[in-house]
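So the structure is just underneath, and the comments pick up after that.
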Amino acid sequence: MNLAPRVAVSLLFACVSCLAQTGKTDGRADALSPKLEKMPESLEVRFALSALPPHLRDGATTYVLDPAAGYVVNRKGTNGFSCIVMRTEWAWPQLAFRDDIYVPICYDEEGSTKMLPVWMDVAQMRSRGLSPKQIYDETMKKFDRGIYQKPVRSGISYMTAPLMRSYPAPNATEVMTMALPHYMFYAPNVKNADIGGKPSSPYPSILPQGPGPHDVIVLLVGETEKAKILADSSDLLNELCSYRKYLCLNPASSEHH
């Protein structure tokens with residue numbers, strides 16, 4: 001069944017086409033964190049690179065997650081872009097970690113220097129068994145101390161993958177599998193009032209990524225472009241659905257996997 005509801009996500013995204021599985025959490029940040037499973041490397045690399053436009057993929061650096069150690073380089077690129085599949089949301093310390101978060105994201109050179117290190121450190125801390133609250137507190141300390149710095153120029157992180165699975169809103173307690181290809185433009189310390197941002201709409205709006213310095217302007221791709229991304233990614237989507245049924249955009253198809 002194709003759900004396709006419009007989800008209000010006041011601070012997170014403009015609008016969301018939610019096509020598949022939700023997942024529940026007990027909401028306990030002190031619950032034993034499930035161990036992350038290493039994704040098949042070729043699938044993880046393809047999934048990560050799907051966040052980039054095709055003309056940038058061959059030159060990008062790709063990382064894969066070693067759950068016991070954090071992210072490691074799979075391929076060193078040449079064009080300044082870096083791609084990962086993010087597996088741990090750090091900004092919800094009240095919630096237990098999960099093993100079913102998958103968010104492909106690619107940063108340009110500036111984002112690779114200033115923003116990617118946050119996700120790298122979070123993955124490494126989780127590999128050492130730190131709790132959501134411990135990781136949140138440590139990450140916030142690094143923002144406060146200036147260890148994590150805001151971008152010094154305009155730039156972009158691409159999230160044009162055909163699929164992502166995470167929380168649809170800051171106050172959500174369930175994750176969703178979403179077809180939500182979009183762009184994120186660095187806008188440190190910018191607020192919705194500054195740009196006329198309209199959350200819960202197809203128009204640009206601000207997404208905080210940290211306590212301010214890593215704010216970005218989120219812009220969804222158009223419906224025609226989205227349809228092309230999904231069509232061009234059919235093989236990848238089928239492989240993701242075969243790998244884990246909660247990564248199926250069409251829940252009905254998961255019955256066959």
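The values are calculated or read from the model by the stated rules, or taken from the named source; none is laboratory data. Computed from a prediction, not measured in an experiment: that's the story for all the values here. Cβ: placed from backbone, ideal geometry, glycine included. Neighbour counts: every protein chain shown. The protein model used for the area step is the full one, side chains on, heavy atoms only, and it has no ligands, DNA or RNA in it. Shrake-Rupley method; radii C 1.70, N 1.55, O 1.52, S 1.80 Å.
Scanning segment 58-78 for residues that are among the β-branched types (V, I, T) and either buried (at least 20 other Cβ atoms within 10 Å of the Cβ) or closer than 24 Å to V175 by Cβ (or both) yields T61, T62, V64. Looking across Y107, Y71, one residue alone is aromatic (F, W, Y), closer than 21 Å to S154 by Cα and within 16 Å of the chain's Cα centre (by Cα). It is Y107.
So which residues in segment 51-110 are hydrophobic (A, V, I, L, M, F, W, C) and assigned to a helix (DSSP H, G or I), if there are any at all? Selection gives L56 alone. Considering T160, T224, the condition of being at pLDDT 90 or above and either of a type in the set (D, E, K, R) or in contact with a helix residue (DSSP H, G or I) (Cβ under 9 Å, 6 or more places away or on another chain) (or both) is satisfied by T160 alone.
Kindly indicate whether any position in segment 48-64 is modelled with pLDDT under 95 and in contact with a helix residue (DSSP H, G or I) (Cβ under 6 Å, 6 or more places away or on another chain). The answer is no, given that none of the residues of segment 48-64 is modelled with pLDDT under 95 and in contact with a helix residue (DSSP H, G or I) (Cβ under 6 Å, 6 or more places away or on another chain). Residue pairs whose Cβ atoms lie under 8 Å apart, sitting 6 or more positions apart in sequence or on different chains, and linking a residue in segment 213-232 that is in contact (Cβ under 8 Å) with a residue 40 or more places away in the chain to a partner that is basic (K, R), are P213/K150; H214/K114; H214/K150; L220/K226. Scanning segment 117-129 for residues that are polar (S, T, N, Q) and open to solvent by less than 40 Å² (accessible area, probe 1.4 Å) yields a total of 1. Would you confirm whether any residue within segment 79-87 is more than 18 Å from the chain's Cα centre (by Cα), over 20 Å from R128 (Cβ atoms) and open to solvent by 50 Å² or more (accessible area, probe 1.4 Å)? For segment 79-87, residues more than 18 Å from the chain's Cα centre (by Cα), over 20 Å from R128 (Cβ atoms) and open to solvent by 50 Å² or more (accessible area, probe 1.4 Å): present.
Among the residues of segment 23-47, just one is touching a Ser or Thr at 6+ places or on another chain (Cβ under 8 Å), closer than 22 Å to L249 by Cβ, modelled with pLDDT under 95 and surrounded by 12 or more Cβ atoms within 10 Å (Cβ to Cβ), namely T25.
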